[in-house]
Amino acid sequence: MLRPLALAAALLAPLVSSALELQLPTENHHLFSNEPEKFYMYVDRTFEGETTKPWEGGSFGFVRTPIRLGQDVVLTKFHEGIDIAPIKRDKAGNPLDLVMAITDGTVVHTSPVAGRSNYGKYVVVEHKLEDGTFYSVYAHLAEITVQPGNPVKPGSVLGRMGYTGAGIDRTRAHVHLEMCLLMSTHYEGWHHTYSGGTNFHGNFNGMNLAGMDVATLFLEHKKNPQLRVQDFVMACPAYFKVTVPRKESWDFAERHKWMVKGDISAPSPSWEISFTATGLAVGITPSPREVTEPTVTAVRSSRVSHRLLTRGLIDGKAGGNATLTRSGKQLIALLTDSFPTTPPAAAPKH
């Protein structure tokens, strides 16, 4: 059984580092005034004959698609970011809010053709912070006003809020925000192997960006401006661990050395990777365990099927035993570059 990490203690511990400047991406600051119903864009929900508009559906995590299991109601659909509602609209109901960068970085990808992604028109910004690189995503934009290569500061305008993309209309217009880790620098090979179709977004396809609970990051940073993003990630509670055979080099571990516990160069036959329930890697440890394929070696105990609580990444009826599903194996393949790599495709001309 896994013990949840001491989240609060780790997040509030004194840190010797330069303060991270972090701000919300729009003028909607109701997250900080404890008015979530004004901050998040609701979802329309009909469950057991009752129709509601819960704001929780716009928050991070398993917040959508409830099902009843006896006395339990389990929310089974994972929402990887947060949906921030508009503050301003014109007479026709179109949002007028500007969407801004949340911290220092460089624009690395723009997708100005709405039909090429469920995100609609979206922007990805790379943030090279102290000892770590992270990526923020701003989706469902009406227009984009930056280009790849543009440097940005906190508050730099990236575009205007809209309702482009799948499952969204003018009434529910919002900006979908994510703060992510880049899974693989060879995503095209994984996409060719497991997904197929045309990848218009290179390494910045949403499938290759693993999101964290960005709203909680904002709230914890408000309490402790010295908080580093990597410390926030490593303080997230692990739900399961997977041990994988060790290769000579591992790109993800090299890019996220802050996640490795112990000496990254110390010899061992395998790595043990800790994951949150949503599939975000939050720890890597050299392991003496001999494995021939990725194997679940620890899981939090649960009375509900692990499949329902991990977006289908692991399976197990309950308790402390689980196995990787097909989706789970594909996640591990992406994280460890265990697929035929292909040369990066040329960026499409817009």
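For segment 77-229, how many pairs of lysine residues have a Cα-Cα distance under 27 Å, where the two are 8 or more positions apart or belong to different chains?
11
Would you mind working out the magnitude of the charge dipole of segment 30-220 relative to its Cα centre, with +1 at each Lys and Arg C-beta and -1 at each Asp and Glu C-beta, to the nearest 20 Debye?
The dipole of segment 30-220 has a size of about 640 debye.
Which listed residue (G202, H192, F240) has the Cα farthest towards the positive end of the charge dipole for segment 187-244, taking +1 on Lys and Arg C-beta and -1 on Asp and Glu C-beta about the Cα centre?
F240
For q values of 0.10, 0.14, 0.16, 0.24 Å⁻¹, compute log₁₀ I(q)/I(0) with the Debye formula on a Cα-only model of segment 237-336, without solvent.
Scattering profile of segment 237-336, log10 relative to I(0): -0.25, -0.48, -0.63, -1.30.
Report, to the nearest whole %, how much of the accessible area of segment 180-225 belongs to carbon and sulfur atoms, 1.4 Å probe, protein only.
The value for segment 180-225 is 54 percent carbon and sulfur by accessible area.
Let's see if you can work this out: charge +1 on each Lys and Arg Cβ, -1 on each Asp and Glu Cβ, no other charges. What is the dipole magnitude of the chain about its Cα centre, in debye to the nearest 20?
540
Calculate one ³J(HN,Hα) per residue across segment 153-164 by plugging θ = phi - 60° into the Karplus curve 6.51 cos²θ - 1.76 cosθ + 1.60, and present them in order as whole Hz with x for glycine and proline.
After applying 6.51 cos²θ - 1.76 cosθ + 1.60, I find 10, x, x, 5, 6, 9, x, 10, 4, x, 8, 7 Hz.
Counting only protein chains, not ligands or nucleic acids, how are D169, D72 ordered by accessible area (probe 1.4 Å), most first? Could you put the intermediate results ahead of the total?
Details: D169 75, D72 40 Å².
If we order D169, D72 from most to least accessible, we get D169, D72.
Using a 1.4 Å probe over the heavy atoms of the protein chains, calculate the carbon and sulfur portion of the accessible area of segment 237-336 as a whole percent.
That fraction is 48 percent.
Show me, for segment 245-260, the HN-Hα J-couplings you get by feeding each phi into the Karplus relation (A = 6.51, B = -1.76, C = 1.60, θ = phi - 60°), rounded to Hz, glycine and proline as x.
These are the phi-based 3J(HN,Hα) values: x, 8, 9, 4, 9, 9, 4, 4, 5, 5, 7, 10, 4, 5, 7, 7 Hz.
Amide H neighbours of V282 under 5 Å, at least 5 residues apart or on other chains, H built in the peptide plane: list them.
Amide H to amide H, under 5 Å and 5 or more residues apart or across chains, V282 pairs with S274, F275, T276.
Heavy atoms of the protein only, probe of 1.4 Å, neighbouring chains included. What is the accessible area of R64 in Å², nearest 10?
For R64, the solvent-accessible surface is approximately 50 Å².
For H256, which sequence-distant residues (separation of 5 or more, or a different chain) have an amide H within less than 5 Å of its own amide H, given hydrogens modelled in the peptide plane?
Under 5 Å from the amide H of H256 lies no amide H from a residue far enough along the sequence or on another chain.
With springs connecting C-alpha atoms under 10 Å apart, model the chain as a Gaussian network and identify which of L182, L219, L98 has the largest mean-square fluctuation.
So, out of L182, L219, L98, the one fluctuating most is L219.
Output ³J(HN,Hα) for segment 67-72: one whole-Hz value per residue in order, computed from phi by the Karplus curve 6.51 cos²θ - 1.76 cosθ + 1.60 with θ = phi - 60°, and x for Gly and Pro.
Result, rounded to whole Hz: 9, 9, 10, x, 7, 9.
With the other protein chains left in place, how much accessible area per residue, in square angstrom, belongs to the chain at a 1.4 angstrom probe?
About 47 Å² of surface per residue is accessible.
On the Cα set of the chain, report Rg and Dmax in Å, please.
20.1, 64
Would you rank S287, S33 by solvent-accessible area, highest first, keeping every protein chain in place and using a 1.4 Å probe?
So the residues, ranked largest to smallest area, are S33, S287.
Of the accessible area of segment 18-59, with the probe set at 1.4 angstrom, what percent is carbon plus sulfur?
Accessible surface attributable to carbon and sulfur in segment 18-59 totals 47 percent.
Would you mind checking which residues have amide H under 5 Å from V63's amide H? H placed 1.01 Å from N; only 5 or more apart, or other chain.
Hits under the 5 Å cutoff: K77, H79.
Work from the charge dipole of segment 30-220 (Cβ charges, +1 for Lys and Arg, -1 for Asp and Glu, about the Cα centre) and give the residue of P112, G155, I102 farthest towards its positive end.
Toward the positive end, the furthest listed residue is P112.
The values are calculated or read from the model by the stated rules, or taken from the named source; none is laboratory data. Model, not experiment: these values are computed from the prediction. Heads up, the Cβs are rebuilt from the backbone with ideal geometry, glycines too, and the neighbour counts pull from every protein chain shown. Side chains are part of the model used for accessible areas, which takes the heavy atoms of the whole protein and leaves out ligands, DNA and RNA. Shrake-Rupley method; radii C 1.70, N 1.55, O 1.52, S 1.80 Å.
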